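Structure incoming, see below.
The values are calculated or read from the model by the stated rules, or taken from the named source; none is laboratory data. Nothing here was measured: the structure is a model prediction, and the numbers come from that model. Cβ placement follows ideal geometry from the backbone for every residue including glycine, while neighbour counts extend to all protein chains displayed. Surface areas here come from the heavy atoms of the whole protein model, side chains and all, with no ligands, DNA or RNA. Shrake-Rupley method; radii C 1.70, N 1.55, O 1.52, S 1.80 Å.
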Amino acid sequence: MYDIIIIGAGPAGMTAAIYARRAEKSVLVLEARSYGGQIVSTPEIENYPAAPHISGFDFATKVYEQAVELGAEFRFERVTGITDGSVKTVTTSGGSYEGRAVIIATGSECRRLGLPGEDKLAGRGISYCATCDGGFFRKKDVAVVGGGNTALEDALYLSGLARTVYVIHRRDSFRGDGATAARLRSKDNVKLVLNSRVTALEYGDRLTGIEVTDNDGGVSSIPLDGLFIAVGRTPENAPFAGLIELDGAGYVSASENCRTSVPGIFAAGDNRTKEVRQLVTAAADGAVAAGEAIKYLEGSGF
Ligand code: NAP
């Protein structure tokens, strides 16, 4: 039996673990993949206070090491559900664990374009992680689809490796930061393809190109070695849908105090309803959720 079980070892979950351990609560962190969450795909974090120019992987590793040093236990198992009660049972691919409180910090997963061939081409020219796979495309022609910070940062990173980087975005202005967009525009080997969507994938055994349709209906083809898809993310809350309240888009309905519709279960980070989904707000959520879980365990304010 643990005081607090944390589901997800991204910045929110690992920060919650740090705060809970510093309050001397026993902590189990369950993670389906490896520690770090989506931040490990970020080549360089430039907007976290006091840590400019750190890679997402290095940042995540430091937070992980801090949590482990403080005594948080990590198990790499996929959570399949939670049974509520005065003690909560969290079931995983590897077994089940009991906790007095639970923090769900599962984050989100990459959204697909939903085009025919997309799934089978993953790893054969299609990637959802520029830092993981960019090295395979040195001096090759690649495209990034999307207009958010992930797409802009991926394109900047790839511009240092690839011969040509096309950025395909469905509008004429970017959702991502102006400063990053300006740096991207200054790169000689970056070509912006705006007001356009990828409408088909061209392939044999591997991706060979894409069909692009502009907003006026004009269709063209771009030969490519690689396509990096960065069109946003969807929350990973499916195992909890029958237990806690989710909003229409699948995010956990939780306010700034991170409380869910079920007492003793809290949500932290990108998987909850919120205005700003950033590294700094994910870490902040971890601290808030841990504080609320501690209050719940100690019977104050509930
Ligand atoms: P995002 O901000 O939601 O942007 C998704 C982009 O993909 C948007 O430009 C969107 O176009 C486009 N898009 C969505 N669905 C599409 C489709 N079906 N076809 C074509 N384009 C599509 O997602 P994100 O870039 O992954 O970022 C997620 C969150 O993490 C954001 O809050 C972001 O600021 C944050 N983030 C922060 C950092 C950092 O702080 N360093 C780094 C990466 C990400 P529209 O603009 O037209 O909607």
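For each pair in K120/K187; K25/K62; K140/K187; K139/K191; K274/K295; K140/K191, compute the distance between the two Cα atoms and list the pairs where it is over 24 Å.
On the way: K120/K187 32 Å; K25/K62 21 Å; K140/K187 16 Å; K139/K191 15 Å; K274/K295 22 Å; K140/K191 14 Å.
In this structure, K120/K187 lie more than 24 Å apart at Cα.
Ok, one more. Compare the Cα positions of G217, T180, S96 along the charge dipole of the chain (+1 at Cβ of Lys, Arg; -1 at Cβ of Asp, Glu; about the Cα centre) and return the one farthest towards the positive end.
G217
So, for the chain, what is the accessible surface per residue at a probe of 1.4 Å, expressed in square angstrom? Before the final figure, lay out each step's value.
Values: 13910 Å² over 302 residues.
Normalised by residue count, the accessible surface of the chain is 46 Å².
Once fully extended, how much extra length lies between R171 and V276, figured as 0.36 nm per residue of separation less the alpha-carbon to alpha-carbon distance? Mind dumping the intermediate values first?
Details: separation 105, 0.36 × 105 = 37.80 nm, distance 2.14 nm.
Gain on extension, R171 to V276, equals 35.7 nm.
According to the square roots a ≥ b ≥ c of the eigenvalues of the Cα gyration tensor, what is the shape class of the range 112-229, taking rounded for a/c under 1.5, prolate for a/b larger than b/c otherwise, and oblate for the remainder? Kindly include the intermediate steps, with their values, before the conclusion.
On the way: a/c = 1.64, a/b = 1.15, b/c = 1.43.
Oblate, because a/c is 1.5 or more while a/b does not exceed b/c.
Rank by packing, highest mean first: peptides 210-222, 246-258, with packing defined as the count of other Cβ atoms within 10 Å averaged across residues.
Working: 210-222: 13.8, 246-258: 16.6.
Listed from highest to lowest mean packing, they are 246-258, 210-222.
Could you give the size of the charge dipole of the chain about its Cα centre, using +1 on the Cβ of each K and R and -1 on the Cβ of each D and E, expressed in debye and rounded to the nearest 20? Please list the in-between numbers first.
Values: 32 positive and 37 negative charges, 75 e Å.
Using Cβ point charges on Lys, Arg, Asp and Glu, the chain gives about 360 debye.
Along each principal axis of its Cα atoms, how long is the chain end to end? Whole angstroms, biggest number first, please.
62, 39, 31
Let's test the formula: R0 of 35 Å, r as the Cβ-Cβ distance of R124 and S253. What FRET efficiency results, to the nearest 0.05? Show your work: numbers first, answer last.
On the way: r = 39 Å, r/R0 = 1.11.
Calculated value: 0.35.
Another question about this same structure. What helices does the chain hold that run 18 Å or longer along their axis, going by alpha-carbon atoms, with a Kyte-Doolittle average of 0.5 or more, using DSSP H for the helix calls?
Values: long enough: 56-69 (20 Å, -0.19); 279-297 (27 Å, 1.02).
Answer set is 279-297.
Ignoring ligands, DNA and RNA, please state the percent of accessible area on the range 159-229 from carbon and sulfur, probe 1.4 Å.
Working: 1580 of 3790 Å².
Whole-percent figure for carbon plus sulfur exposure: 42.
For each cysteine in the chain, check whether another cysteine's C-beta sits under 4.7 Å from its C-beta; list those where none does.
By the Cβ distance rule, which asks for a partner under 4.7 Å, the isolated cysteines are C110, C258.
In terms of modelled amide H atoms, which long-range or inter-chain residues lie less than 5 Å from the amide H of G10?
G36
Pop out the ³J(HN,Hα) list for the range 73-83 in order, Karplus 6.51 cos²θ - 1.76 cosθ + 1.60 with θ = phi - 60°, rounded to Hz; leave Gly and Pro as x.
9, 10, 10, 9, 9, 7, 6, 10, x, 10, 9
Just grab the label-to-label distance for E65 and N47, each label 7 Å out from Cα along the Cβ direction, in nm (one decimal).
Simple spin-label model gives 2.7 nm for this pair.
V29's amide H: which non-local residues (gap 5+, or another chain) put their own amide H closer than 5 Å, with H modeled 1.01 Å from N in plane and none for Pro or chain starts?
Placed amide hydrogens put I6, E73, F74, R75 under 5 Å from V29.
Also, I was wondering about something else. Can you compute 3J(HN,Hα) from phi for each residue in the range 266-274, using the Karplus curve 6.51 cos²θ - 1.76 cosθ + 1.60 with θ = phi - 60°, rounded to whole Hz and x for Gly and Pro?
10, 10, 9, x, 5, 8, 10, 4, 6
Another question, then. Could you pull out every residue, at least 5 positions away or on a different chain, whose amide H is within less than 5 Å of the one on G209? Hs are placed 1.01 Å off N in the peptide plane, and Pro or chain starts have none.
The list, which skips near neighbours in sequence, is E202, L224.
With a/c under 1.5 counting as rounded, go ahead and sort the range 4-59 into rounded, prolate or oblate using the C-alpha gyration tensor (a ≥ b ≥ c being the square roots of the eigenvalues; past the cut-off, prolate if a/b is larger than b/c, else oblate).
oblate
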